[in-house]
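Structure first, then comments.
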Amino acid sequence: MSKLSTLQRGQLAAQAAPPGGAARPAAVAGTARRWLTHPAVAAVVALALVLLPFTGQDKFVLSVAVTTFITAIAAASLHLIVRTGHVSLGHAAFMGIGAYVSALATMRLNLPFPLAVCLAFLAPAALALLVGPVVLRLTGKYFVLVTFLFGEIVRTVFVNWTEVTGGSNGIFGVPAPSPYFAEPVPFYYLALGFMLVILALIARLFNSEIGRAIEAIRESEPLARCSGVPVLRLKVTIFVLACGLAGIAGALQGHFVRYIDPTSFATDQSLTLVVINVVGGMFTLVGPILGTLFMVLLPEFLRGYVELQHVFFGVVLILVMAFFSGGIADMGQLLRRGGAKGAK
Amino acid sequence: MSSRALSKFKLATGMLCAAAAFAAAAPAGAQETLKIGVIASLSGGGTAWGQGLQRGVQIAADHVNEEGGLKIGGKTYKLEVIAFDDQYNAAQAKTAADRLVNREQVKVIFGPVGSPGALGSLPVTQPAKVLQFVDGYAPSILKNEWKGAYVFRVNNSNLEFSEPIVEWLRKANPQAKKVGMIAPNDATGQVAVPLLADAYKKNGFEVHTEYYERGTKEFTPLLLRMMAQKIDVFELNSNAPGEAGLLIKQARQVGYKGVIIQSGGAGIDELIQIAGPLAKGVLKYDVIDESLPRVKPFITLYHQKYTGLVNGLAPMYYNAASIVFEAMRRADSIDTTRVRDQLERMDDYDSPILGKVAWTGEKEYGVKHQLLHTFLIKEVQDGKGVVKASITPQPQQ
Amino acid sequence: MFNSAVLTQVAVDGIGLSAIYILIALGFTLLFGIMRVVNFAHGAFAMLGGYALFYLYGDWGLPYLVAAPLAALVVAAAALVLERFVYRFFYQKMFQSMIGLLGLDMAIMYLAVIAWNAEERSVPPGTEALVEVGDLVFPAQKLIIAAIAAVALLAFYLFTHYTRYGRAMRAAAQDVEIAQAQGVNSSAIYQLAFFIAVFMAALAGGFYAQTYALSPFVGEPQLMIAFVVVILGGMGSIPGVALGGLLLGLANSFLGTFYGSAASTFVTFGAVILLLIFRPWGLLGAKEA
C-alpha cells in the first residue's frame, strides 16, 4: 500500500487494474493508514513538492529536500528486502558501489549521466545477483550478520583499492549530471523525479501478484513454498532490484555532494536506513517515507544537541521494537485501539 | 505550585517577556552581529578534534567581544559563533555548509576537521566566495577547480614538517638505519605516510610500513612484525593520540627498546595519559610551548571556560581566528575578497600563538594558502612534554 | 621470521588476546542461550564497566582486587533496572531484540558522551610489571586477565552443571515453558542470568579499559569481538566461547604478525561468513530448527 498508487494510476489510466481493487488495503492490519494512502493526500503532497521551489525557499531548504529524496529512495529500496522478511545491515555498501561506478563512469570514461545511472543500477544489482542466492537462504539474525560483514568487506575494498577508488580520500570533483543540473532548482526536480518514479514503481510492485507473493513469503516461507511460490528465486529478484535502486540513490548522492569517500557508505549509513524502516514502519511503503522524514528532519531541529538526538533515536527504537512493531505508520491505528499491541 | 508562587511566576515571566520585547525593539546599530561559522565533528570518534576547533574559535571570538567587539568600517560587530556538526562525513558537511552559507549567511567558516568534511563543504563555500579555514591533508583542498581562492590551511601539513623533522632526527641519531611506520589507512594516513616515507628515504633511511584499520587497538602482532625487521626508529606519524599512546605502550611491552617519534598530530598530553610511564623518552611534533609567556593567556582562558585536556586544535584555531579577525580589521571590510587579499599579505603579523605569519604552497597547490609556522619537537620526561628543539621550516623554493 | 622465539611470542600473545575475548563473549552467549536475546548493548555495558573501574580504581584509588569486582557489581546492579524496563520485552524474540537493543546501545553510548565527553582516557593496569622469560616479553597484567578468564570459564561450567540455579538456567534455556511447569521461576532465573552476564561484560570492559583505552565508543569493538567469538563457537554454548575465543585470539596474533593487518581481517571475516553460510550454529552450537 502506498500513497502514490493513485498518482501512478492517474498517469496510467489505461491500466487494467480496477480502481477499487488497487486501493484495497494490504492484508496486514492497518486500516487507519487509509488516510495516508488516500488519493487526495498523495496528490496534494506530490503537488506541494513540485511547487516548493516557487515558494521562494532558500538553497538550504532545497538542499535538505534533495537529501531527503535520495535517502527516501535508499530507504524504500531497503524496504523491498525488508518486506521479504530480511533485514540487510549492509545496504549502504550497494549505494556506495553505485556512487563510485557513476562517478568513475562520468569522470574517467566520459559517459553521459543517463548511461552512468544505468551502470550505477547494474553494478550493485549484478553483485546482488552473485551473493543473493547464497545469503538469502539464511534466517533472520544470520542474514543481518552476513550483510553487515559484507558491507564491511565492500568498504574495505573502497579503502584499499586506491588506484580506482582513491582510497580513503575518495573521489573529489564529481561533476553535476550536466551543467544545467549544477543549479539547485534543476537538481531538486531531478531528484524529485527519480524519487516519484521509483516509489511509484515499488508501489505498483507491491500491488501486483508479486507483491502478494512477497507478503506470503514474509508471513510464512514454508507455506508459501508449498503454495507454489518460487521462494528463493523471488527473494533474489527482489534483492537484485533493491540493490540496483540503492545504486541509483548512491549515484545521485555522488553527483549532488560532488565528492564520495568510503566513510559515506559505511555501517553507520546502513544502520540509519534500517532504523528508518523499522521506526517508520516495516509493513508498508509509507513506513520508509515517514521514517526518512523523521530521520532527516529531526537532526535539523535538534542541531546543537547531537548527543541528545542519538539518545532519542535509541529510545524510539526500543519503544518501537517493544510495542509498535509496525512503526510510525501504524501509530494511528494503535492510538485508535487505545495502545493495543501492534501488527506483529 | 501554590497560588502565590504561581502568580509570582507569572509576574516574573511577564517581566521577562517585556524585557525581551524591549531588547528586540532596541534601536538597530547599537551593535551589529557578525556570524562566524564553524563546521566540525562534534559527535562520534572525531569529537575531540572538533571540539578543540570549535573551542579555539569560540575563545578567540569571546576575546574580541570582551574588548568591545570587532571594529570595521566605522561599525562595531559583536561576534557570534555558529557551530554545526558534520560527524566527520562529507554529506553532513555539505548540509552544514549549506545551512551556514545559505541560511545563516556567514562569510567565514572555520573547519571542518578532516578531508571528508573539508571536501564535502568546498563545493558549497567556494562558489559562494565564503572564506574557509580547513584542517585536512588532502591536496585537493587547496588544489581544485576554484584554484583554492577562498580556502586556507592554518596548520602545518605533512608537507611542511616532514623533511625538517627527519633531518633533525638524522642529526640526532646518525647511526639509525631502519624506520618502521604503523599508520591507519584513513584519509590522513594514506596521504601522510608516503610523504613521510619519502622524507626518510631522502635522508638515508630504509622504510617499512604497516597499515591498519581505524578502530584497531591491539597492535602487538604488527609490532612484532615491525621488530622482526630490526628497526631503529619507530615512527608514529599521523596516528591519533589514542592509538599513538597504545602503540607506544604496546611497543615497550613487547620489548622494543629503540627510538620512538611521532612526526605529526598536535598536542602531547593525551598521548602521555594513555601510554603512562612507558611514554618516557618519546619524541613528538607539537605546535605550542605552554611555558611561553605568549601562550599562557590562552591556556588560562581555555581552562576558565572548559574542562578536560586542551586538544591540539584549540590553540591552532585560536591562532587562525585571531589572524582572520586582524585581516578584517586591516582590510576594514567584511567583503571576503578584500579580506582574502589582506590575509595573503599579512607576512608581518605576529599571531598570538604561532608567531609570524608565513604562507606557502605555490609549488604544490598553485596558491599560497598554506600556513607555514614554527613547530617544536618535544621529548616526554617525567610525564610532561619538554621542548627539545624548535624548528622553523623554510618555504620550498 | 618463522623461528621458535617469534612463534612462542605469537602463541603467548594469542592466548593473551583469547583471554580477553572469552571474557567479553561469555555474557553475550549467556543472554542468547537462556533468553534468546541478541544483546546489541553488550558493548555498552562493557564500556560502563570501564568507566566504573576508572572511577573506583583510577580516581578513588581503591585497591585493585577490590575495585575490579566492585566496578562490575555496580554496573550489573544498576543494569537490573534495564532488565525490568527494557529487556523483559524482548525475551524469546530474537529479531526484535536485535534492533531494540541496538537502540539501547545508542542511548547508553550517547548518554556516556554527554556525561564523560568523548576524549579517550586510560585506566592504569593492576600492575605495570613486565614478565620476561628468555626472549619472551609480555605484561603481567595479561597473566591476570588470563587467570581470571580461566577461572570464569570453570566457574560457569560448574555453576550450570552442578548447582540448582545453574541447572534451572539450563532448563529454562532448553524450553522455558516446560521448565516453568517444573517449578522454575523463569523471571528470577532470567534476572540472575542477566546479572551474571552484565557482570562479566563489565568486568571484561574494565580489563579492556586497562589494556587499551576508555571512551564512550569502546563498546563497539567489544561487541564485534563478542559476536565473532560467539558465531565461531556457537551461540549459547559455553565451551563454544572458549573455543571461539582461542581460535580468534590465536588467528589474530598469528595472521597479524606474519601477514599484516589486512590479511588478518579478511581471513577472520571470510571465515565467519563461510561459517554463517554453511554452519550458522557455529562449531559447538546446537542446530536450530
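Here is how the numbers come out for the structure above:
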item: Qualifying residue in segment B:107-122 (condition: more than 21 Å from A:Phe256 (Cα to Cα), in the same structural domain as B:Tyr317 (by TED's automatic domain parsing) and surrounded by fewer than 24 Cβ atoms within 10 Å (Cβ to Cβ)); result: yes
item: Top-ranked residue of segment B:256-301 - restricted to ones that are charged (D, E, K, R) and either more than 28 Å from C:Pro139 (Cβ to Cβ) or away from every other protein chain (no Cβ under 14 Å) (or both), ranked as surrounded by the most Cβ atoms within 10 Å (Cβ to Cβ); result: B:Lys284
item: So C:Ser264, is it touching a residue at least 60 places away in the same chain (Cβ under 8 Å), buried (at least 19 other Cβ atoms within 10 Å of the Cβ) and hydroxyl-bearing (Ser, Thr, Tyr); result: no
item: Test: residue in segment A:250-269 that is within 21 Å of the chain's Cα centre (by Cα), within 14 Å of chain C (Cβ to nearest Cβ) and not polar (S, T, N, Q); result: yes
item: 2 or more residues within 29 Å of B:Asp62 (Cβ to Cβ): qualifying strands (runs of 3 or more DSSP E) within segment B:222-331; result: B:283-286
item: Meets criteria (facing another protein chain (nearest Cβ under 7 Å) and among the small types (Gly, Ala, Ser)) for A:Gly167; result: yes
item: Residues of segment B:197-228 that turn out to be within 9 Å of chain C (Cβ to nearest Cβ) and of a type outside the set (A, V, I, L, M), as a count; result: 12
item: Filter result for B:Phe133 (within 13 Å of another protein chain (Cβ to nearest Cβ) and touching a helix residue (DSSP H, G or I) at 6+ places or on another chain (Cβ under 8 Å)); result: no
item: Residue match in segment A:74-83 (condition: hydrophobic (A, V, I, L, M, F, W, C) and closer than 19 Å to B:Gln92 by Cβ); result: yes
item: Count of segment A:72-102 residues which are under 13 Å from A:Thr272 (Cα atoms) and either outside any helix (DSSP H, G or I) or at pLDDT below 95 (or both); result: 4
item: Within segment B:164-194, considering residues that are in contact (Cβ under 8 Å) with a residue 12 or more places away in the chain and surrounded by fewer than 20 Cβ atoms within 10 Å (Cβ to Cβ), the one nearest to A:Thr165 (Cα to Cα); result: B:Lys178
item: Any hit, segment C:187-209, residues being surrounded by 16 or more Cβ atoms within 10 Å (Cβ to Cβ), farther than 17 Å from C:Ser18 by Cβ and at pLDDT below 85; result: no
item: Filter result (in contact (Cβ under 8 Å) with a residue 60 or more places away in the chain and more than 17 Å from B:Thr336 (Cβ to Cβ)) within segment B:143-152; result: B:Lys143
item: Every residue from segment B:151-184 that is out of contact with any helix residue (DSSP H, G or I) (no Cβ under 7 Å at 6 or more places or on another chain) and in a helix (DSSP H, G or I); result: B:Glu160, B:Phe161, B:Pro164, B:Ile165, B:Glu167, B:Trp168, B:Leu169, B:Arg170, B:Lys171, B:Ala172
item: Per-region count, segment C:16-50, residues surrounded by fewer than 24 Cβ atoms within 10 Å (Cβ to Cβ), modelled with pLDDT of 90 or more and over 23 Å from C:Gly285 (Cβ atoms); result: 0
item: Number of positions in segment A:131-150 that are away from chain B (no Cβ under 14 Å) and under 19 Å from B:Glu213 (Cα atoms); result: 2
item: Candidates C:Ala77, C:Ala67, filtered to the one that is surrounded by fewer than 24 Cβ atoms within 10 Å (Cβ to Cβ), in contact with a Phe, Trp or Tyr (Cβ under 6 Å, 6 or more places away or on another chain) and among the aliphatic types (A, V, I, L, M); result: C:Ala67
item: Subset of segment B:85-116 (residues that are more than 22 Å from B:Asn319 (Cβ to Cβ), under 20 Å from the mean Cα position of the chain (by Cα) and of a type in the set (A, V, I, L, M, F, W, C)); result: B:Ala90, B:Ala93, B:Ala96, B:Ala97
item: Qualifying residue in segment A:134-142 (condition: at pLDDT 90 or above, surrounded by fewer than 19 Cβ atoms within 10 Å (Cβ to Cβ), in contact with a Phe, Trp or Tyr (Cβ under 9 Å, 6 or more places away or on another chain) and part of a helix (DSSP H, G or I)); result: no
item: Unique residue being surrounded by 24 or more Cβ atoms within 10 Å (Cβ to Cβ) and either within 24 Å of A:Thr67 (Cβ to Cβ) or of a type in the set (Asp, Glu) (or both) when the list is B:Ala138, B:Ala60, B:Ala128; result: B:Ala138
item: Filtered residues of segment C:83-98 (kept if of a type in the set (A, V, I, L, M, F, W, C) and touching a residue at least 40 places away in the same chain (Cβ under 8 Å)); result: C:Phe90, C:Met94, C:Met98
item: Scan of segment B:239-255 for residues that are within 11 Å of another protein chain (Cβ to nearest Cβ) and within 21 Å of B:Gln190 (Cβ to Cβ), ordered by number; result: B:Ala240, B:Pro241, B:Gly242, B:Glu243, B:Ala244, B:Leu246
item: Residue within segment A:223-233 that is closer than 30 Å to C:Thr265 by Cβ and either among the hydroxyl-bearing types (Ser, Thr, Tyr) or away from chain B (no Cβ under 14 Å) (or both) present; result: no
item: Answer residue from segment C:94-144, given it is at pLDDT below 85 and at the interface with chain A (Cβ under 7 Å from one of its Cβ atoms) and is surrounded by the most Cβ atoms within 10 Å (Cβ to Cβ) among those; result: C:Ile99
item: Residue within segment B:319-326 that is under 19 Å from the mean Cα position of the chain (by Cα) and either within 14 Å of another protein chain (Cβ to nearest Cβ) or on the phi > 0 side of the Ramachandran plot (or both) present; result: no
item: Total residues in segment C:212-263, condition of a type in the set (Ser, Thr, Tyr) and more than 7 Å from chain B (Cβ to nearest Cβ); result: 3
item: Hits in segment C:88-147 - residues which are of a type in the set (Asp, Glu) and in a strand (DSSP E or B); result: C:Glu132
item: Tally, over segment B:332-352, of residues that are outside any helix (DSSP H, G or I), of a type outside the set (Phe, Trp, Tyr) and touching a helix residue (DSSP H, G or I) at 6+ places or on another chain (Cβ under 9 Å); result: 7
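Residue-wise test of (1) closer than 19 Å to A:Ser264 by Cα; (2) surrounded by 24 or more Cβ atoms within 10 Å (Cβ to Cβ).
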site	(1), (2)
A:Thr71	yes, yes
A:His79	no, yes
A:Gly85	no, no
A:Ser88	yes, yes
A:Met95	yes, yes
A:Leu104	yes, no
A:Leu109	no, no
A:Val117	yes, no
A:Ala120	yes, yes
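The values are calculated or read from the model by the stated rules, or taken from the named source; none is laboratory data. Computed from a predicted structure; not experimentally measured. Positions of Cβ are backbone-derived with ideal geometry, glycine not excepted, and every protein chain shown enters the neighbour counts.
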